1. If you scan the range 143-169, which residues turn out to be within 17 Å of ILE120 (Cα to Cα) and of a type in the set (D, E, K, R)?
2. Please go through (1) within 20 Å of the chain's Cα centre (by Cα); (2) among the polar types (S, T, N, Q); (3) away from the ligand (no atom under 11 Å from the Cβ); (4) surrounded by fewer than 17 Cβ atoms within 10 Å (Cβ to Cβ) for THR381 and return the number of the only condition it doesn't satisfy.
3. Before we move on, is GLY102 at negative phi, crowded, with 19+ Cβ neighbours inside 10 Å and free of Cβ contacts under 8 Å to residues at least 40 places away in the same chain?
4. Which of the following residues is farther than 26 Å from PHE383 by Cα, in the same structural domain as SER182 (by TED's automatic domain parsing) and under 24 Å from the mean Cα position of the chain (by Cα): ALA274, ALA288?
5. Which of the residues belonging to the range 156-200 are outside any helix (DSSP H, G or I) and closer than 27 Å to LYS218 by Cβ?
6. Being within 19 Å of the chain's Cα centre (by Cα), farther than 23 Å from ARG78 by Cβ, of a type outside the set (A, V, I, L, M) and surrounded by fewer than 21 Cβ atoms within 10 Å (Cβ to Cβ) is true for just one of PHE310, PHE305. Which residue is that?
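The values are calculated or read from the model by the stated rules, or taken from the named source; none is laboratory data. Bear in mind that the values here come from a model prediction, so they are computed numbers and not experimental data. Reconstructed Cβ throughout: ideal geometry from the backbone, glycine too, with neighbour counts over all protein chains shown.
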Amino acid sequence: MSLIDNLKSTLEKMESSGSFHFAHIESEVMEMLERAKQHVLDNPEPVFAILRRIKPVLIVKNIALVTRFDDVQDVLVRDDIFQVTYGEKMRVVTGGNDFFLGMQNSPEYERDTTHMRSVIRRSDIADVIAPFVANAAKSIVDSAAGGLDVVSQLGLVVPTRLVGAYFGTKPVSETDVAGWASTIFQYLFTDLNNDPAVDAAARDASARTRAWLDDAIKEVKSRDASKREDTVLTRCLALQAAGLPGMTDVDIRNNLLGLLVGAIPTTSKCCAQALDELLKRPAELAKAQVAARTGDDATFAQYVFEALRFHPNNPGVFRVAAEEYVVGKGQMHATRIPAGTSVLAATQSAMFDERVVESSKEFRIDRPAYNYMHWGVGLHTCFGQYINQVQIPGILKPLLQRGNLRRADGDAGTLKFAGPFPSSLGVQFD
Ligand code: HEM
């Protein structure tokens, strides 16, 4: 029996028992899982690759892991069946209200996303966001004396400054705001074990974030409407003045809070991980640097997002099945997912599914856009997807324009993590 057959039969036994009930394999499996856990968490693609082949939809302990491209899309497109599960924690963060990422498809969801799309406009990307990011990133790189930390000095700083300027909510301390956003993000999206310490930290960070945003709203409202700058916040207040429902001060605060939590730690993480992947591939790094220097932004962005495919922001997104559903219907791997099952739609795995993504293990910059799922799929596709496509390459561009870009010496040049987020990646340049 080959290794793959062996693993397949073990997985089938585990799945049919509904949990790890086999005393004789349990301790062995648990020990192996414990040892493998960190490694797999850091680098799940080898496991995903096996699953895509032998067990594309694995159900263990009421959790379904969906690994093939078409199935991941199927799950995420069927938002009536596979529903978001963030609502309860969102209410903790907002102080008892909702934010649209935690809502099912509903009139409130449509109302809030419509309001926020009318104040965060696609045209702002070229007019405001791209130039802001380019200036902010360039001035940081220019003032760094031959080296910097990509996380603490660049990747976290630029999106926090963008939020301050573009939203019109200037932070008292950029470091505090970036820290609060990361803590809240960890609580909402990555703390699957509901760690009490993470819970406590997130409640504290949320209260501070709410207080800061409440003050910012009060301060802007105290100014004469004609003396207010054009920002996301003042546009929200204009909707409020026009009497639109869902635009009270608290509603505005919660929308801004949800957006900035989604915007800051993710952007920093993507910058650090994409750069780390490029630094592992000197030939690709050199070509990305040529694109950065010649102002070929489209090619440069292809390098960045292909690099990110090898270490994306998240391995997947969670949903819960509101009713029974068969994933892969009509195919050999068709799997019935019972109502109430938690489902991880593994977008990272999907981006390596050789059934759709050609030569998926190769680093290629000629892939069609639909091969990528960095921003999710379906109803809850990232609100900031078009901002990200400009902001992430925009932050990295001035760095890659520098000559002799390399990792900092020793340990400082390794990408390090604190919880789910990169904490440092030192680089040097001429
Ligand atoms: C930069 C890297 C970013 C990554 C990798 C990222 C990733 C994602 C993903 C995967 C989702 C889908 C979540 C799900 O389906 O459960 C999502 C949703 C969302 N993201 Fe992002 N995001 C990023 C930046 C941003 C930015 C800049 C903003 C705000 C301007 C933002 C705001 C949101 C919001 C509000 C949602 C929920 C959308 C909805 O419910 O309709 N994200 N993001």
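1. ARG161 - this is the single residue of the range 143-169 that is within 17 Å of ILE120 (Cα to Cα) and of a type in the set (D, E, K, R).
2. Condition not satisfied by THR381: (3).
3. Spelling it out, GLY102 is indeed at negative phi, crowded, with 19+ Cβ neighbours inside 10 Å and free of Cβ contacts under 8 Å to residues at least 40 places away in the same chain.
4. Result of the check over ALA274, ALA288: ALA288.
5. LEU156, THR169, LYS170, PRO171, VAL172, SER173
6. Exactly one of PHE310, PHE305 is within 19 Å of the chain's Cα centre (by Cα), farther than 23 Å from ARG78 by Cβ, of a type outside the set (A, V, I, L, M) and surrounded by fewer than 21 Cβ atoms within 10 Å (Cβ to Cβ), namely PHE310.
One line per residue, one yes/no per condition, for (1) over 26 Å from LEU41 (Cα atoms); (2) in contact (Cβ under 8 Å) with a residue 24 or more places away in the chain; (3) crowded, with 20+ Cβ neighbours inside 10 Å; (4) more than 9 Å from the ligand (Cβ to nearest atom):
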position: VAL343; (1), (2), (3), (4): no, yes, yes, yes
position: VAL356; (1), (2), (3), (4): no, yes, no, yes
position: PRO368; (1), (2), (3), (4): yes, no, no, yes
position: ILE387; (1), (2), (3), (4): yes, yes, yes, no
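Condition check ((1) touching a residue at least 40 places away in the same chain (Cβ under 8 Å); (2) within 16 Å of the ligand (Cβ to nearest atom); (3) under 16 Å from the mean Cα position of the chain (by Cα); (4) surrounded by fewer than 18 Cβ atoms within 10 Å (Cβ to Cβ)) across all residues:
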residue: GLY394; (1), (2), (3), (4): yes, yes, no, no
residue: LYS397; (1), (2), (3), (4): yes, yes, no, no
residue: ASN404; (1), (2), (3), (4): no, no, no, yes
residue: GLY410; (1), (2), (3), (4): no, no, no, yes
residue: PRO420; (1), (2), (3), (4): yes, yes, yes, yes
residue: SER424; (1), (2), (3), (4): yes, no, no, no
